[in-house]
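Here is the structure we will look at.
What follows draws every value from the coordinates through simple rules; no lab data is involved. Given the structure is predicted, the values throughout are model-derived calculations rather than measurements. No Cβ is skipped: glycine too gets one built from the backbone with ideal geometry, and neighbour counts run over all protein chains shown.
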Ligand code: ZN
């Protein structure tokens, strides 16, 4: 057994202190190392850079330590019980790292717990020490790690069966707000840290339905308890999945309040995030690529199937909201319209396939620069759309006898329950087998090519009309209309994403073949004047929109510190915005297809 102990050395200096006690260190010299990345987030983060000081000692005195690479420490040989003591700087405002100040403490194992080489399969005991300062006397601990001997506030000893399990339980300490709900008789806890005035009862009521929906899909809940750890900030969004818990971050305004009547857009986003991470407890935490089981987190691990895990999860996160009745049908199609619009707005979808996007996640999706929309496609968003295509295609072809639901249930049975990794390409084989269909050409098209997905053709069989139209304004993210949309003239646009910065308009992204790119403007340029006048972002948008066909406007912009002049001819907005029209009159067949897909009563359609 390896003993870990963590304490808050200095919340003011954002320092944790960690001690590792090993009774029988490797006599030829014990090695310690830290992961380079955290599971669920495919980027090399080099957590070891946050280790500030490190020393080793036995009862005979200090032991010499030598670093052999960026994340590995080798000790001189010693034969008696060893203690390693080190400090870790925690000031990462994300769900992936560690963060400590006088308001709370939060840590993920990969940031703070060194692996003891050769002993990774031994039981890890973690002792979480209560802060001594009376300022923190109302703090308590929230984690899904199994407690061994803890006090009423949760301080004390926890136990993980091995090092990987120790890494998979994020821990939050602070004056937390906590709520509980039960799903199928199993305890689900929800904790909030950060300032807020959320209606926790409402949140739990909605989450209970969403969780139940996911359990229904897979047929069972493979955990005895589950924990949602939510960190509320002014402006933030993110989540990371774990086997028995999830770490979430949201903006304060996304939380439900007691006077909230309908589901706001922000709250819908928060519910979608919770739904997403909960779905992962099956899809990636238990059903997982076999390469993730075979290799460790010291370096990149490559798979072409991230779209299976993130795309399918993204498909079901929103689908579960409508299936559980937490949002209505119109809301669901609004979310779907937004996803389709996001994919359609990037010409990167014509250059990168879903398999390529998965494989290159490390250096492309996770390291997006200003050219990302022109170069890559998201395996989340396009993956969700391919999951939709797969689901609808199978439903249509098998007359609703089979669906993606059936495939997921089967994958769960043979790969999830058994912890048997999913080999590359295996999902496709299983899908074809379960559906009883030849799916190779569909996968070739959706996963291995950059062809457009046949969403319009498939959705029409469900009584839903999809239109791709020019955006009405820069805030048009995709929408649902009550009447079939009329053809309108596309307004002229700049072809760039901008932000107002003081008195300048900064170009964040310049889209392929748009007016800005053709005029020679680049991401990073700051527009000072249009036709000799200073305008704000809104005014510029209006000025460009009012241009006659072929009209040229004069733009002054700074590139770094150099003033430049451009002649820009606005181009019509591309037809990249998804608008859904949900037909009033649909056939019996379409009605039954739609109600079976969305789990909505036929009379509600
Ligand atoms: Zn995810």
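Can you find a residue that is under 15 Å from residue 495 (Cα atoms) and within 35 Å of the chain's Cα centre (by Cα) anywhere in segment 529-539?
For segment 529-539, residues under 15 Å from residue 495 (Cα atoms) and within 35 Å of the chain's Cα centre (by Cα): present.
Rundown of residues vs (1) touching a residue at least 40 places away in the same chain (Cβ under 8 Å); (2) part of a strand (DSSP E or B); (3) under 20 Å from residue 163 (Cα atoms); (4) more than 16 Å from the ligand (Cβ to nearest atom), yes/no style:
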| position | (1), (2), (3), (4) |
| --- | --- |
| 25 | yes, no, yes, yes |
| 36 | yes, no, yes, yes |
| 44 | yes, no, yes, yes |
| 52 | no, yes, no, yes |
| 57 | no, yes, no, yes |
| 67 | no, yes, no, yes |
| 77 | yes, no, no, yes |
| 85 | yes, yes, yes, yes |
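Does residue 227 qualify as being assigned to a strand (DSSP E or B), buried (at least 21 other Cβ atoms within 10 Å of the Cβ) and either away from the ligand (no atom under 16 Å from the Cβ) or on the phi > 0 side of the Ramachandran plot (or both)?
Details: assigned to a strand (DSSP E or B): yes; buried (at least 21 other Cβ atoms within 10 Å of the Cβ): yes; either away from the ligand (no atom under 16 Å from the Cβ) or on the phi > 0 side of the Ramachandran plot (or both): yes.
Yes, satisfied.
Any idea how many residues of segment 100-151 are under 19 Å from residue 17 (Cβ atoms), in contact with a strand residue (DSSP E or B) (Cβ under 7 Å, 6 or more places away or on another chain) and not in a loop (DSSP other than H, G, I, E, B)?
Matching residues across segment 100-151 total 16.
Please enumerate the residues belonging to segment 282-316 that are within 11 Å of the ligand (Cβ to nearest atom), in contact with a strand residue (DSSP E or B) (Cβ under 7 Å, 6 or more places away or on another chain) and farther than 14 Å from residue 421 by Cα.
Listed by number, the residues that qualify are 312, 313.
Does residue 334 count as out of contact with any helix residue (DSSP H, G or I) (no Cβ under 8 Å at 6 or more places or on another chain), within 16 Å of the ligand (Cβ to nearest atom) and part of a helix (DSSP H, G or I)? Walk me through it before giving the result.
Details: out of contact with any helix residue (DSSP H, G or I) (no Cβ under 8 Å at 6 or more places or on another chain): yes; within 16 Å of the ligand (Cβ to nearest atom): no; part of a helix (DSSP H, G or I): yes.
No.
From the list 142, 179, exactly one residue is surrounded by 16 or more Cβ atoms within 10 Å (Cβ to Cβ) and under 14 Å from residue 108 (Cβ atoms). Which is it?
Working: 179 fails: under 14 Å from residue 108 (Cβ atoms).
Exactly one residue qualifies, and that residue is 142.
With the structure loaded, tell me whether residue 132 is more than 26 Å from the chain's Cα centre (by Cα) and either surrounded by fewer than 15 Cβ atoms within 10 Å (Cβ to Cβ) or under 20 Å from residue 53 (Cβ atoms) (or both) or whether it fails that test. Don't jump to the end; show me each part of the working.
Numbers: more than 26 Å from the chain's Cα centre (by Cα): yes; either surrounded by fewer than 15 Cβ atoms within 10 Å (Cβ to Cβ) or under 20 Å from residue 53 (Cβ atoms) (or both): yes.
Spelling it out, residue 132 is indeed more than 26 Å from the chain's Cα centre (by Cα) and either surrounded by fewer than 15 Cβ atoms within 10 Å (Cβ to Cβ) or under 20 Å from residue 53 (Cβ atoms) (or both).
Would you be able to tell me the number of residues in segment 434-446 that are part of a helix (DSSP H, G or I) and in contact with a helix residue (DSSP H, G or I) (Cβ under 8 Å, 6 or more places away or on another chain)? Spell out the reasoning first.
Filtering segment 434-446 down to residues part of a helix (DSSP H, G or I) leaves 434-435, 440-446.
If we keep only those that are in contact with a helix residue (DSSP H, G or I) (Cβ under 8 Å, 6 or more places away or on another chain) as well, we get 434-435, 440, 442-443, 446.
Qualifying residue count for the region: 6.
State whether the residues of segment 462-478 include one that is under 27 Å from residue 221 (Cα atoms) and free of Cβ contacts under 8 Å to residues at least 60 places away in the same chain.
Taking segment 462-478 as the starting set, the residues that turn out to be under 27 Å from residue 221 (Cα atoms) are none.
Within segment 462-478, not a single residue is under 27 Å from residue 221 (Cα atoms) and free of Cβ contacts under 8 Å to residues at least 60 places away in the same chain.
Report, ordered by the first and then the second residue, all pairs with beta carbons closer than 7 Å, sequence separation of six or more or different chains, a first member in segment 268-280 that is assigned to a loop (DSSP other than H, G, I, E, B), and a second member that is within 11 Å of the ligand (Cβ to nearest atom).
Listed pairs, sorted by first residue: 280/241; 280/313.
Return the residue satisfying two criteria in turn: it lies in segment 244-259 and is in a strand (DSSP E or B) and without any contact (Cβ under 8 Å) to a residue 40 or more places away in the chain, and of such residues it is nearest to residue 277 (Cα to Cα). Give the derivation first.
Just the residues of segment 244-259 that are in a strand (DSSP E or B), to begin with: 245-251.
Subset that is without any contact (Cβ under 8 Å) to a residue 40 or more places away in the chain: 246, 250-251.
Numbers: 246: 6, 250: 13, 251: 17 Å.
The qualifying residue nearest to residue 277 (Cα to Cα) is 246.
Name the residue that is nearest to residue 279 (Cα to Cα), counting only residues in segment 358-368 that are in a helix (DSSP H, G or I) and within 14 Å of the ligand (Cβ to nearest atom).
In the first step, residues of segment 358-368 are kept if they are in a helix (DSSP H, G or I); the result is 358-359, 365-367.
With the extra rule that they be within 14 Å of the ligand (Cβ to nearest atom), the set shrinks to 358, 365-366.
Values: 358: 19, 365: 21, 366: 22 Å.
This residue is 358.
I'm checking my understanding of the structure. Among residues of segment 369-383 that are in a loop (DSSP other than H, G, I, E, B) and in contact with a helix residue (DSSP H, G or I) (Cβ under 9 Å, 6 or more places away or on another chain), which one is surrounded by the most Cβ atoms within 10 Å (Cβ to Cβ)?
Checking each candidate, the answer is 379.
Among the residues in segment 104-119, are any under 25 Å from residue 93 (Cα atoms) and surrounded by fewer than 22 Cβ atoms within 10 Å (Cβ to Cβ)? Can you show your working first?
Looking only at segment 104-119, we keep the residues that are under 25 Å from residue 93 (Cα atoms), and these are 104-115.
Subset that is surrounded by fewer than 22 Cβ atoms within 10 Å (Cβ to Cβ): 104.
Looking for residues that are under 25 Å from residue 93 (Cα atoms) and surrounded by fewer than 22 Cβ atoms within 10 Å (Cβ to Cβ), one finds at least one in segment 104-119, hence yes.
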